[in-house]
Structure formats: C-alpha cells, structure tokens
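The values are calculated or read from the model by the stated rules, or taken from the named source; none is laboratory data. What you see is a predicted model, and the numbers here were worked out from it, not measured in a lab. Methodologically, a virtual Cβ is constructed for each residue, glycine included, from the backbone with ideal geometry; neighbour enumeration extends over all protein chains shown.
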Amino acid sequence: MKASPRFRRLCDRFSSILGGTEHEITKGPVCFVSRNRRINATILGRRTTSPLIRYQLFSFESLDSSGRALCLGETALFQNQVNQLLTNLRKNGIKVTAVHNHWLFEQPRLMYIHWESIDDPIAFARKVKRSIAFLG
C-alpha cells in the first residue's frame, strides 16, 4: 500500500519530534525513524561506534480512521538507566515488552528496551521524547 500525502506529513512530524537522524516510509506503509546515541563502549576490549550498539528506533503503522496506529520503539542504554526508562515509559501509558542485552564482554554494560502502544503517532512521539529525554 502506497503512503498517502497525509501519512508522509505525519511521518515527517513524528521523526522531527523524536529527533530522527533518518526516516523512511517502507511498504505497508510503515513510518520508520532512527537516531543514534553517543555511547562510548568497548566489546571484547575493542572500542566500538557501531550503530548496532547505539541505536534508537521508532515506528508507526496500521493507522486507523481515528488516527491511532501501532507505535513501536526501542533503544540502547546503559544498565544503570534501565529502571528510570521503564518508569518513564509506564507513566506515559506505554507497554514495555522486552529488556535484554545483545552483547557479551562489553564495557560498560549495555541493555536494550523495546516498547509498544496503540496511540496517535504524534502523541506517542511526544510521550517517548519525554521518556527518553534523560538519556541525552
């Protein structure tokens, strides 16, 4: 399904609120937004700046006639930031679906959190922006 001009404008606004460094509309349509955090870390004793360790990803799709969509998010963060982000997301009515690591022998310890909501994409973007603001 091709994205309508309204969907494209909504995706642009969603990305802008979240500070996306890149965004695209994929088949579906799905608005997909990414940005990278500044994280100084090593894996197996080697410095890494790979996007695989520092990404933040956000999307929305399945927009209904009332303006609500399936909204998803994910971020990399330090272990000592997990509880604050969990609290922030939950206070904003967003369901946390996973907390886990991706790597072994990384310093400092990195974790990844995934979340979801059925919401207006702009409202979701604002809630997420408030929730992750402390991550820098």
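Per-structure values
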quantity: Test for E116: is it free of Cβ contacts under 8 Å to residues at least 60 places away in the same chain and touching a Phe, Trp or Tyr at 6+ places or on another chain (Cβ under 8 Å); calculated: no
quantity: Residue check for G93: in contact (Cβ under 8 Å) with a residue 24 or more places away in the chain and in a loop (DSSP other than H, G, I, E, B); calculated: yes
quantity: In region 1-18, residue surrounded by the fewest Cβ atoms within 10 Å (Cβ to Cβ) [restricted to those that are farther than 14 Å from K129 by Cα and of a type in the set (A, V, I, L, M, F, W, C)]; calculated: M1
quantity: Qualifying positions in region 66-90 - in contact (Cβ under 8 Å) with a residue 40 or more places away in the chain, part of a helix (DSSP H, G or I) and under 19 Å from S117 (Cβ atoms); calculated: Q84, L85, N88, L89
quantity: Which listed residue is among the hydroxyl-bearing types (S, T, Y), over 17 Å from the mean Cα position of the chain (by Cα) and surrounded by 15 or more Cβ atoms within 10 Å (Cβ to Cβ), from T48, T75; calculated: T48
quantity: Residue match in region 109-125 (condition: modelled with pLDDT of 95 or more, part of a loop (DSSP other than H, G, I, E, B) and surrounded by fewer than 17 Cβ atoms within 10 Å (Cβ to Cβ)); calculated: yes
quantity: The one condition in (1) modelled with pLDDT of 95 or more; (2) at negative phi; (3) not acidic (D, E) that G19 fails to fulfil; calculated: (2)
quantity: Which listed residue is of a type in the set (S, T, Y), exposed (fewer than 15 other Cβ atoms within 10 Å of the Cβ) and closer than 17 Å to V128 by Cβ, from T42, T21; calculated: T21
